[in-house]
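In what follows, a single structure is set out as structure tokens and then discussed.
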Amino acid sequence: MKRFGKLLSIVLAATALISTLAACSGPGTAASSAAASTPASTADGAKKEITVGVSLLTREHVFYNNIETALNSKAKELGVKLVVQDANQDASKQLSQVQDFITQKVDAIILCPTNSAGSKSMVELAEKANIPVLTMDVPSDGNTVCHVSTDNYKGGELAAEYLVNNVLANKKGNAAVITYSEIEGCVNREKGFTEWIAKNAPDVKVVDVQNYSGDQAKAADVMQNMLQKHADLDAVFCVGDPAAMGALSSIKSANKQVKIIGFDGNPEGIAEIKKDGSLWVADVAQDPAKIGETALQSAVDTINGKTVEKLIAISPYIIDQSNAK
């Protein structure tokens, strides 16, 4: 009997132990699973705020003002924090801005380089910090993730074609170019213009090409010099609207009838084109809003691990009196 009672005690104790273990392991395992899944769920659900640093070439040009407006609008749509700085056409200032972006640990940098050939060091600094760099309007000689720009070469071709077919009588005459040698995109506009004429208009001569370095007052001086050198000049292609504005003032002062084709599509250019008898006959228009929006979307896609195109070209178009608004 004592043996039976002892055996019964052992069985009851074992049963209690099993029940206790079962009670611990069941809820304990469930609680442990919940604890493990909760952080994962939070990690999946939580979205880290994306910060993008932007260094603009300048805020003194309406084209870049329009890009900045588009960037801010797109940033609100995407929920992106933008840090926008004005390099004021100063390479040293832009380098300092890039260094600040790196210190701030932004997720991506968008540059409008002050000089195509001088921005490689900035790109390399960002690369060392694992920050992708994209460029807008002005390309870099560094290895950027993406470049978003007007198809500048095509724009130069459009200007040349318009000049030959709509401005010069019998597709003959003398033309000049006011270029911007420090900016690759502007050089491509110049090339598109001169090379199209060389291939398609043998009776049109490009008699002069001079640099205005992005300075409207200098463009006026350049145009004055061209008028003195070439009394029979029929037209001038200006690779930017500031150059065209400077050229226009000198042509009017000299009481000449040299026709102007600009490049940008800025409001002041369009206003001149709309005037009856204007010497400014046409403009190659860009789409700065689309450039800004596309660049920021590409930056966000890059941050999120998506592949973006190395070069995204935005098509330009001609504005003249027939469609100027």
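Just a few scattered comments:
- Hits in the stretch 108-130 - residues which are of a type in the set (A, V, I, L, M, F, W, C) and either in contact with a Lys or Arg (Cβ under 7 Å, 6 or more places away or on another chain) or surrounded by 20 or more Cβ atoms within 10 Å (Cβ to Cβ) (or both): Ala108, Ile109, Ile110, Leu111, Cys112, Met122, Val123, Ala126
- Between Lys105, Lys74, the distinction of being open to solvent by less than 50 Å² (accessible area, probe 1.4 Å) and out of contact with any His (no Cβ under 6 Å at 6 or more places or on another chain) belongs to Lys74 only.
- Scanning the stretch 136-148 for residues that are over 18 Å from Arg189 (Cα atoms) and open to solvent by less than 20 Å² (accessible area, probe 1.4 Å), we see that the one that is modelled with the lowest pLDDT is Gly142.
- Sole exception among (1) over 23 Å from Ile183 (Cβ atoms); (2) among the charged types (D, E, K, R); (3) open to solvent by less than 60 Å² (accessible area, probe 1.4 Å) for Asp86, by number: (1)
- Strands (runs of 3 or more DSSP E) enclosed by the stretch 238-325 - at least 1 residues per element that are over 21 Å from the mean Cα position of the chain (by Cα): 259-264, 280-285, 317-319
- For the stretch 89-102, a tally of residues being closer than 18 Å to Cys146 by Cβ and either among the aliphatic types (A, V, I, L, M) or open to solvent by 10 Å² or more (accessible area, probe 1.4 Å) (or both) returns 1.
- Among the residues making up the stretch 186-205, a single one is closer than 15 Å to Asn115 by Cβ and crowded, with 22+ Cβ neighbours inside 10 Å: Cys186.
This table checks each residue for (1) modelled with pLDDT under 95; (2) touching a Gly at 6+ places or on another chain (Cβ under 8 Å).
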| position | (1), (2) |
| --- | --- |
| Glu77 | no, no |
| Val83 | no, yes |
| Leu95 | no, no |
| Thr103 | no, no |
| Asn115 | yes, no |
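- Output for the stretch 149-185, where each listed residue is open to solvent by 40 Å² or more (accessible area, probe 1.4 Å) and touching a helix residue (DSSP H, G or I) at 6+ places or on another chain (Cβ under 8 Å): Tyr153, Lys154, Glu157, Glu161, Asn165, Lys171, Ser181, Glu182, Glu184
- Considering residues of the stretch 55-73 that are touching a Gly at 6+ places or on another chain (Cβ under 9 Å) and outside any helix (DSSP H, G or I) only, the residue nearest to Asp241 (Cα to Cα): His61
- Here the stretch 236-273 is the region considered, the condition is being of a type in the set (D, E, K, R) and over 14 Å from Arg189 (Cβ atoms), and the residue that is most open to solvent (accessible area, probe 1.4 Å) is Lys252.
The values are calculated or read from the model by the stated rules, or taken from the named source; none is laboratory data. Here the structure is a predicted model, which is why all the values come from computation and not from measurement. Reconstructed Cβ throughout: ideal geometry from the backbone, glycine too, with neighbour counts over all protein chains shown. All accessible areas refer to the heavy atoms of the entire protein, side chains included, with ligands and DNA or RNA removed. Shrake-Rupley method; radii C 1.70, N 1.55, O 1.52, S 1.80 Å.
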